[in-house]
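Undergrad: Before anything else, here's the structure in question.
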Amino acid sequence: AQRVTQPEKLLSVFKGAPVELKCNYSYSGSPELFWYVQYSRQRLQLLLRHISRESIKGFTADLNKGETSFHLKKPFAQEEDSAMYYCALKGAGGTSYGKLTFGQGTILTVHP
Amino acid sequence: ETGVTQTPRHLVMGMTNKKSLKCEQHLGHNAMYWYKQSAKKPLELMFVYNFKEQTENNSVPSRFSPECPNSSHLFLHLHTLQPEDSALYLCASSQDGANNEQFFGPGTRLTVL
């Protein structure tokens with residue numbers, strides 16, 4: 001079975017401070033990991049995926065297979081980063097092929 | 001309109017009613033999904049359709065009945081729902097069911113009285 005855990009439901013930081021949204025996963029094979037974001041009054045959208053290895057809006061995320069983590073980081077948070085962030089895992093084989101499993105989500109609030 | 005659209009945006013229904021949620025995508029995708037987003041639970045995958053064929057039913061009760069007449073349209077037929085079914089129902093689509101980014105609709109906020 002595949003599972004995604006985001007231990008923090010709420011995270012508050014001040015503008016300019018570093019931010020890290022935690023994500024841990026459970027999956028026996030080689031997963032594909034994603035971060036999705038939902039800004040206020042907007043629809044859920046993809047932020048980044050680990051296979052792209054790119055920085056989007058200043059955010060990066062590294063897949064750590066040893067720790068089964070995919071934490072989302074940004075060195076200097078901005079107010080416009082305030083949103084709900086979801087970590088998601090896609091299975092690569094068997095009955096979990098193509099199935100996207102989401103974590104509980106973390107609400108990030110960046111204060112001025 | 002481009003992207004993924006859902007109608008209605010809000011729906012209130014009684015437990016004995018029959019209603020349908022509609023999703024339409026204008027992206028040329030071949031896979032479509034229904035998700036349930038409850039207040040206190042993670043986003044839950046309900047159904048997956050890939051090239052109009054249902055490839056995933058995540059143990060969803062039979063009072064939810066999906067229909068995918070073509071690759072652009074997806075319905076969720078609702079019948080004799082329970083108050084605990086009240087949630088935001090999200091539709092998504094992707095190029096295919098195996099990979100690729102999923103594009104989400106705005107959702108239908110369902111309240112079951």
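The values are calculated or read from the model by the stated rules, or taken from the named source; none is laboratory data. Since this is a predicted model, take the numbers as computed values, not measurements. Please note: Cβ atoms are built from the backbone with ideal geometry, for glycine as well, and neighbour counts cover all protein chains shown.
Undergrad: With farther than 14 Å from residue B:3 by Cα, more than 14 Å from chain A (Cβ to nearest Cβ) and either free of Cβ contacts under 8 Å to residues at least 40 places away in the same chain or surrounded by 21 or more Cβ atoms within 10 Å (Cβ to Cβ) (or both) as the only criterion, which of B:59, B:65 stands out?
TA: Sole residue among the options that is farther than 14 Å from residue B:3 by Cα, more than 14 Å from chain A (Cβ to nearest Cβ) and either free of Cβ contacts under 8 Å to residues at least 40 places away in the same chain or surrounded by 21 or more Cβ atoms within 10 Å (Cβ to Cβ) (or both): B:65.
Undergrad: Output yes when any residue across the stretch B:43-50 is farther than 21 Å from residue B:96 by Cβ, surrounded by 15 or more Cβ atoms within 10 Å (Cβ to Cβ) and of a type outside the set (Ser, Thr, Tyr), and no when none is.
TA: Yes, the stretch B:43-50 has at least one match.
Undergrad: Mind checking which residues of the stretch A:11-42 are over 10 Å from the mean Cα position of the chain (by Cα), in a strand (DSSP E or B) and either surrounded by 13 or more Cβ atoms within 10 Å (Cβ to Cβ) or of a type in the set (Ser, Thr, Tyr) (or both)?
TA: A:11, A:12, A:13, A:19, A:25, A:26, A:32, A:38
Undergrad: Of everything in the stretch A:11-45, what is more than 14 Å from chain B (Cβ to nearest Cβ) and either at pLDDT 95 or above or under 11 Å from residue A:107 (Cα atoms) (or both)? Give them in sequence order.
TA: Residues satisfying the conditions are A:11, A:12, A:13, A:14, A:15, A:16, A:17, A:18, A:19, A:20, A:21, A:22.
Undergrad: If you go through the stretch B:88-113 one residue at a time, how many are surrounded by fewer than 21 Cβ atoms within 10 Å (Cβ to Cβ) and away from chain A (no Cβ under 14 Å)?
TA: Number satisfying all stated conditions: 3.
Undergrad: Follow-up. Can you confirm whether the stretch A:40-53 contains a residue that is of a type outside the set (A, V, I, L, M, F, W, C) and touching a residue at least 40 places away in the same chain (Cβ under 8 Å)?
TA: yes
Undergrad: Name every residue in the stretch A:66-112 that is within 11 Å of another protein chain (Cβ to nearest Cβ), surrounded by fewer than 17 Cβ atoms within 10 Å (Cβ to Cβ), modelled with pLDDT of 90 or more and assigned to a strand (DSSP E or B), in order of residue number.
TA: Listed by number, the list holds a single entry, A:84.
Undergrad: Does the stretch B:1-22 hold any residues that are within 13 Å of another protein chain (Cβ to nearest Cβ) and crowded, with 20+ Cβ neighbours inside 10 Å, and which are they?
TA: Result: B:4, B:6.
Undergrad: Another question about this same structure. Is it fair to say residue B:25 is touching a residue at least 40 places away in the same chain (Cβ under 8 Å), closer than 28 Å to residue A:5 by Cβ, surrounded by 14 or more Cβ atoms within 10 Å (Cβ to Cβ) and polar (S, T, N, Q)?
TA: When the stated conditions are applied, residue B:25 does not pass them.
Undergrad: Going residue by residue through the stretch A:54-65, is there one that turns out to be surrounded by 12 or more Cβ atoms within 10 Å (Cβ to Cβ) and within 14 Å of chain B (Cβ to nearest Cβ)?
TA: yes
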